[in-house]
Amino acid sequence: DLPTGQASATKALTSLIVGIAIQKGHLTLNDLHKPLVSFFDGLDSSKFISGVEKITLHKAMTMRGGIKIDQETIKEIENQPDNLKGKKHIQAIFENSKAISETSQAYAYGNLNDVLVMQVIDAVVPGGAEQFIKTELLDKLGIKNYQWRKSISGLPTGGYGAKFTSRDMLKWGSLLLND
C-alpha cells in the first residue's frame with residue numbers, strides 16, 4: 001500500500017510518456033532525430049559548447065546525449081538553484097558540458113540524459129510535463145498514491161525518483177502487455 005522507489009525503472013516510465021506525447025500528436029517519430037535544441041525557444045546559443053546540435057531526443061533517450069560535466073562544476077552550478085529553474089537548467093547544461101563529439105556520444109549511463117528528455121516533454125505538451133504525466137497517464141490508470149521526485153529545474157525527474165505501489169506497477173505492466 002506504500003509507494004516504493006522505482007530507481008532507474010523511472011527511465012522506462014519517461015519513455016512511455018514520450019510515446020504518449022507521440023500518440024497525442026505533440027511529437028512525431030521524426031522529432032526523435034531532430035536536434036534537441038530545436039525544441040527550446042529563448043536559450044542563448046552563443047554560450048553553448050560545440051556540438052550541442054548533435055544531441056537528439058533519441059540519443060538522450062538511449063543515454064548517448066554526450067553531456068559530460070565534472071562533479072565540481074555540477075556542485076558550483078547547483079549552488080545557485082534559482083539559475084536552474086525551467087529551461088535555465090538546459091542553458092546551464094549546454095554551457096558547462098565538455099564539447100559534444102562522436103566519442104562523447106557513446107553509451108554512458110546517466111549523464112543528464114533524463115533531464116534533457118523531461119525538458120523536451122515539458123516544452124511540447126500542453127500544461128507542461130508534470131500535468132501531462134498526471135492527466136494523460138496516472139489519472140487514466142487510476143494511480144493516486146505516488147510520488148515523483150522533482151529535479152532542480154522543478155520538473156519531474158526522468159531517470160529515477162518515481163515511487164509507486166506494487167499494484168500500480170502491475171497497472172504499468174498490464175498497459176504494456178495490452179499495447
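Just so you know, all these numbers are worked out from the coordinates, no wet-lab data involved. If you're wondering where the values come from, they're calculated on a predicted model, not measured in any experiment.
Principal-axis analysis of the Cα atoms of the chain puts helix 113-124 at an angle of about 80° to the longest axis. Considering only alpha-carbon pairs that sit under 8 angstrom and 6 or more positions apart, the relative contact order computed for the stretch 86-177 is 28 percent. Residues whose amide H falls under 5 Å from that of THR56, counting only those 5 or more places apart or on a different chain, are LEU36, with hydrogens built in the peptide plane.
Database remark: amide H of LEU27 closer than 5 angstrom to the amide H of ILE22 (H placed geometrically; neighbours at sequence offset of 5 or more, or on other chains; Pro and chain starts carry no H).
Taking ARG149, ARG64, ARG167 as the candidate residues, the one with maximal mean-square fluctuation in a Gaussian network model of the chain, Cα springs under 10 Å, is ARG167.
One chain, two ends: ALA106 and ILE22. Fully extended at 0.36 nm per residue, the span grows by 27.7 nm beyond their Cα-Cα distance.
Against the longest principal axis of the chain, how steep is helix 9-23, in degrees 0 to 90 to the nearest 10, with axes from Cα atoms? That helix lies at roughly 90 degrees to the long axis. Backbone amide hydrogens, once placed in the peptide plane, bring LYS150 within less than 5 Å of THR157, excluding anything fewer than 5 places away on its chain.
Relative to the longest principal axis of the Cα atoms of the chain, helix 166-177 runs at roughly 80 degrees.
Build a GNM of the chain with springs between Cα atoms under 10 Å apart, and of GLY158, GLY110, GLY66 the one that fluctuates most is GLY110.
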